[in-house]
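Everything below concerns the one structure shown next.
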Amino acid sequence: MDNDIHPTAVIEGDVQLGNRNTIGPFCHLRGPLVMGDDNLLSSHVCIGLPGQDTRNPRYDDSTKRVVIGSRTTIREFVSVQKACYEDVTTIGDDVFLMQSVHVPHDAHLEDQVVLTPMVALAGLVRVLRGANLALGSGVVQDVVVGQYSIVAAGAVVRRHVRPFTRSIPGKPDSVNHYAVEKFGFAEHAADIAAYVLEERMPAEGPVRGVVEHYEATVRDRERSRGRRG
């Protein structure tokens, strides 16, 4: 495979790489791990160690996996941990993980997610397509961050964040107009505003599809939390 792997990188176990990946100095990749094409890992990236679980800190992680898509950028000192309660931790396509981000056990990051420096996620979090978490923010366990939303710098997210929302502690939710324009939803701005500001379900169309996916993910997280007690 046509991959650029620095000689100081450590790759152990069942690690399957696609093409044109760059693995920088002192990275540690531990399988089972599947990675697509055209990913860039900067220095000191750690992927595939066990999740940090207080109930069972030394659980058997040998069958737990990490799956990463394509064209994702993972900057220096990022950690991505294996699943613990489920089977896999996933990161989608075109994701940007900036310096010192923590992706925990059982997390799922969909396509085009941006996590800025020092963002920390707790286990079993879901960050949906196009969401952006600003500098130093954190998300507690089982929370869903909806599509095309943005979370303010330094915020601690303790509840689900709805799609297209700008979430700032101590302030009412507002519309993330930047994402509405960036991701091609401008013609649906009225439906989005009614949903974010008035909690009115959008009519049939792409915005309703976004909301339905978000709500299904929330229901899944609530069921999972109930099963674990």
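Do any residues in region 62-83 that are more than 16 Å from His28 (Cα to Cα) have Cβ atoms under 7 Å from those of residues that are open to solvent by 20 Å² or more (accessible area, probe 1.4 Å) and in a strand (DSSP E or B), where the two are at least six apart or on different chains, and which pairs are they?
Ala83/Arg65
Scan region 160-186 residue by residue and report those that are more than 16 Å from the chain's Cα centre (by Cα) and farther than 15 Å from Leu197 by Cα.
Pro169, Gly170, Tyr178, Ala179, Glu181, Lys182, Phe183, Gly184, Phe185, Ala186
Mind counting the residues in region 116-135 that are within 21 Å of Tyr178 (Cα to Cα) and assigned to a strand (DSSP E or B)?
3
In this structure, does Asp142 turn out to be part of a loop (DSSP other than H, G, I, E, B), of a type in the set (D, E, K, R) and open to solvent by less than 20 Å² (accessible area, probe 1.4 Å)?
Answer is yes for this residue.
Here is a yes/no grid of residues against (1) open to solvent by less than 60 Å² (accessible area, probe 1.4 Å); (2) assigned to a helix (DSSP H, G or I):
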residue: Tyr148; (1), (2): yes, no
residue: Glu187; (1), (2): no, yes
residue: Met201; (1), (2): no, no
residue: Gly209; (1), (2): yes, yes
residue: Glu212; (1), (2): no, yes
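Restricting the first residue to region 180-207 and requiring it to be farther than 21 Å from Asn132 by Cα and in contact (Cβ under 8 Å) with a residue 40 or more places away in the chain, which pairs with a second residue that is surrounded by fewer than 11 Cβ atoms within 10 Å (Cβ to Cβ) and of a type in the set (Val, Ile, Thr) meet a Cβ separation below 9 Å and a spacing of at least six or different chains?
Note: no pairs meet the criteria.
Might you let me know whether region 76-97 holds any residue that is of a type in the set (A, V, I, L, M) and open to solvent by 40 Å² or more (accessible area, probe 1.4 Å)?
No, region 76-97 contains no residue that is of a type in the set (A, V, I, L, M) and open to solvent by 40 Å² or more (accessible area, probe 1.4 Å).
Is one or more of the residues making up region 158-170 within 21 Å of Val119 (Cα to Cα), assigned to a helix (DSSP H, G or I) and open to solvent by less than 70 Å² (accessible area, probe 1.4 Å)?
no
The values are calculated or read from the model by the stated rules, or taken from the named source; none is laboratory data. The structure presented is a predicted model; accordingly, all values stated were derived computationally and were not measured. Don't worry about glycine lacking a Cβ; one is built from the backbone with ideal geometry, like all the others, and counts go over all protein chains shown. We work out accessible area using only protein heavy atoms, side chains counted, and drop any ligands, DNA or RNA first. Shrake-Rupley method; radii C 1.70, N 1.55, O 1.52, S 1.80 Å.
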